[in-house]
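The values are calculated or read from the model by the stated rules, or taken from the named source; none is laboratory data. Only a predicted model underlies this, so the values are computations on that prediction, with no experimental measurement involved. Cβ coordinates were reconstructed from backbone atoms using ideal geometry, including for glycine residues, and neighbour counts include every protein chain displayed. To get the accessible areas, we keep the full protein, side chains included, count just its heavy atoms, and leave off ligands, DNA and RNA. Shrake-Rupley method; radii C 1.70, N 1.55, O 1.52, S 1.80 Å.
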Protein chains: 2
Amino acid sequence: MDQTETAPPPPRPAPKPAGKREQTKQQNRQIILDAARIVFAEHGYGATTVRDIIRATPLASGTFYNYFQSKEEVYQAMQDETALVIRPKLREAREKAGTVEEFISATFQTFFEFVLRDGVDVRAMRHNADTMRMRMDTPEVVAGFDELREDIEKAIARGLFPPVDADYLMAAIVGVAFEMSERMARRSEADAKAAADFATALFLGGIRSLPHTGNGKAADSGA
Amino acid sequence: MDQTETAPPPPRPAPKPAGKREQTKQQNRQIILDAARIVFAEHGYGATTVRDIIRATPLASGTFYNYFQSKEEVYQAMQDETALVIRPKLREAREKAGTVEEFISATFQTFFEFVLRDGVDVRAMRHNADTMRMRMDTPEVVAGFDELREDIEKAIARGLFPPVDADYLMAAIVGVAFEMSERMARRSEADAKAAADFATALFLGGIRSLPHTGNGKAADSGA
DNA sequence: CTAAGAAGTTGACGGGGCGTCACTGATCTG
DNA sequence: CAGATCAGTGACGCCCCGTCAACTTCTTAG
């Protein structure tokens, strides 16, 4: 690998009270996370060693363990970083919803668009397909699930939804979102809007209200 | 899959000689698989080493590699074993379906009942929750997904379903089935029928047709 | 039945990644 | 500015991995 300084997507945590020491610590943590993103995307989670990550940074091996306890912990930190980006988007999208239709539509639209545009690029996604589901129970990810369930419960309390099992409904939304994302990533012409329309129609009116394709096959199943 | 009759040459080793040697091989393979199931359930996938599995058998370390190439391969074999049990059940259930309702209902009913009764016990399921989704692309599991998509396409061809995107619909069913299974496993009083009714109603009529609970909370979120 | 060969098992071994820790140098504090 | 604190460093010991030559068990031809 010849990556020297290819800065990846994740955002910068800006405000620091800053001693020079604290500043360096934050930087190093981010350096490790950025390197990990590249290496995981390149070789996949299983094939990556902690040493691979370290070699992709200017740091020494021991330094890694000042920041993370293991490869798994870096991966979880990456997931948390991602969750922290999409959660506010989802929250905001759902807040504006005044109807079931808007609630569901906004959720899927936001999610699929994020996966396709702001998320990791498709090549990385596919390489990570084998790992992206493991340990979904990191704090920030779980918090995202909880927020969804809370929002459903609130919507029920407001009379927006019928009084259904919010936990199962949350699970169904999450399951469809993730599983469809994986299918979407395998299509050469992925279309967030079409995917969101499909999922939204399914949740609002069931199978009979799904958009028709004319032949029942996927428009494109990609390479 | 569909064998076009363009491949006659490979000689048929069809009749099983079933010598003592072959018998022992089958036994050893099963011994390893059974040990792996226990060890994975006990410590989780990530924390178990190949040596742990071997230590749980009367075999030597080298023997393991006569049967599997790695820890991952044992895990995949376990998944395949499971897939081989449930796939015929699902196929049979769907074959009898004459309507969309029956198709969907039979699928979820069969799946949730299997997970709860014939599947691994809940304790093991919860311990494996972090790993059960990884590498879902083993041959038998993928074959199960393909069968579902094929059955959907057939149903569309028969006019049973509207002509929708079969790939996305398959993904949606799979996503809901697995994600709801995980939630179900976390409830102390899991009810396959209730879960199946929920999922079936969702797919047939959307959110508004879901069974009401009276408060919108889960009946029980377990320990 | 027996002996040659095939098939499978064994466990020690070289290779390598893991996590640690004593040491060093940089930053902070009084 | 000196002493205290803290992060960085990289060699080290540990353990796991996958292999392989020697050994044991089974099969089969005569």
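Here are the numbers for this structure:
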item: Test: residue in region A:42-52 that is away from DNA strand D (no atom under 16 Å from the Cβ) and open to solvent by less than 30 Å² (accessible area, probe 1.4 Å); result: no
item: Residues of region A:156-174 satisfying the condition of being of a type outside the set (Val, Ile, Thr) and surrounded by 21 or more Cβ atoms within 10 Å (Cβ to Cβ); result: A:Phe161, A:Asp165, A:Ala166, A:Asp167, A:Tyr168, A:Leu169, A:Met170, A:Ala171, A:Ala172
item: Flag for B:Asp121 being open to solvent by 20 Å² or more (accessible area, probe 1.4 Å), more than 19 Å from A:Phe198 (Cα to Cα) and at pLDDT 95 or above; result: no
item: Within region A:53-97, tally of residues that are within 11 Å of DNA strand D (Cβ to nearest atom), under 13 Å from A:Leu33 (Cβ atoms) and of a type outside the set (A, V, I, L, M, F, W, C); result: 2
item: Boolean, B:Asp197 is under 29 Å from B:Gln76 (Cβ atoms), of a type outside the set (Val, Ile, Thr) and either in a helix (DSSP H, G or I) or within 7 Å of chain A (Cβ to nearest Cβ) (or both); result: no
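The rows are residues; the columns are (1) in contact (Cβ under 8 Å) with a residue 12 or more places away in the chain; (2) within 16 Å of DNA strand C (Cβ to nearest atom); (3) farther than 23 Å from A:Gly44 by Cβ.
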site: B:Ala47; (1), (2), (3): no, yes, no
site: B:Pro58; (1), (2), (3): yes, yes, yes
site: B:Tyr65; (1), (2), (3): no, yes, no
site: B:Gln79; (1), (2), (3): yes, no, no
site: B:Thr82; (1), (2), (3): yes, no, yes
site: B:Leu90; (1), (2), (3): yes, no, yes
site: B:Lys96; (1), (2), (3): no, no, yes
site: B:Glu101; (1), (2), (3): yes, no, yes
